[in-house]
Amino acid sequence: MSISENVKKILSELPPGVELEVAAKSRTLNEIEESISAGAKIIGENYVQEAEKIIPLVKEKVEWHFIGTVQENKINKMIRLFDMIETIGSVEMAQALSKRCQLFGKVMRILVEVNSGREPQKSGVFPENVEEVIREISKLPNVKIMGLMTMGPAVDAQNLRPYFKLTKALFDHVKSLNLENVEMSILSMGMSDSYLIGIEEGANLVRIGTKIFGPRNYSR
Ligand SMILES: *Cc1c(COP(=O)(O)O)cnc(C)c1O
């Protein structure tokens, strides 16, 4: 099936209220534009270097989300390029971002990334620290917390369910606190092989690459 057919099929099958984010890392401008023509409204990019070559060339109005590793020396570019950053994994990172956003007169919408598998080598906030980290970040003037994102550990999709459940429970808990400057409306969980499980566990944003574009060619 073509990129366009894949996007249309996924969009037609998503339950109401669940949004598709096209995970576009390593894909060409043409491939990304085909997904947009087919109805994609949110595009996720992992690399600033790739994004800055592509985003200015896309004429259609879409939302650009950053889903890669935040590097402090790239924050200025990220602020100019992206509408949302889904991978805020610490108070310090949010502070650096808010400070730069202040200079640009912008408020960046962010998701706090949860390290739901508590993997030491991975980024993201450990589940037991999520409330405290969100309370701190909510005090920053130029970032706005919109929800949570998680990847989960590299296990078979079926085994991701407990990590998604845990992240949804955290999402509901923080939402119930009704914190000022915290919206808790977006829960980003699930990729090509796991998005149906993500949706079953409460995701309303799913990040899909391979199922739309086919396997990635890392040599590009
Ligand atoms: C690549 C990527 C995805 C999509 O993965 P696929 O398996 O290709 O669907 C989702 N989220 C993040 C953060 C990614 O880097």
Charge context of Ile79, other residues only, Cβ under 9 angstrom, K/R +1, D/E -1 = +4
GNM top mover of Leu81, Leu179, Leu20 - the chain, alpha-carbon springs below 10 Å | Leu179
Excluding same-chain residues fewer than 8 positions from Lys122, which aspartates and glutamates have a Cα within less than 14 Å of its Cα?
-> Glu113
Local charge sum around Met189 (other residues, Cβ-Cβ under 14 Å, Lys/Arg +1, Asp/Glu -1)?
-> -4
If you average the sequence gap of Cα pairs under 8 Å that are 6 or more apart and divide by the length of the stretch 1-118, what percent do you get for the contact order?
-> 19 percent
Give the peptides 32-40, 95-103 in descending order of average Cβ contacts within 10 Å, highest first.
-> 32-40, 95-103
Tell me, what is the percent relative contact order of the stretch 81-220, built from C-alpha pairs under 8 Å that lie six or more residues apart?
-> 20 percent
Computed helical MRE - 222 nm, the chain, DSSP H runs ≥ 4 contributing -39500 (n - 2.57), nearest 500 | -10500 deg cm²/dmol
Cβ-based net charge around Glu34, under 15 Å, with every Lys or Arg adding one and every Asp or Glu removing one | +2
Kindly identify the chain as rounded, prolate or oblate by the Cα gyration tensor criterion: order the square roots of the eigenvalues as a ≥ b ≥ c, call it rounded if a/c is under 1.5, otherwise compare a/b with b/c, prolate if a/b is larger, else oblate.
-> oblate
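Bear in mind that the values in this text are calculations on the coordinates, not laboratory data. Everything numeric here is computed off the predicted structure, so don't read it as measured data. So basically every Cβ, Gly included, is an ideal-geometry build from the backbone, and we count neighbours across all protein chains shown.
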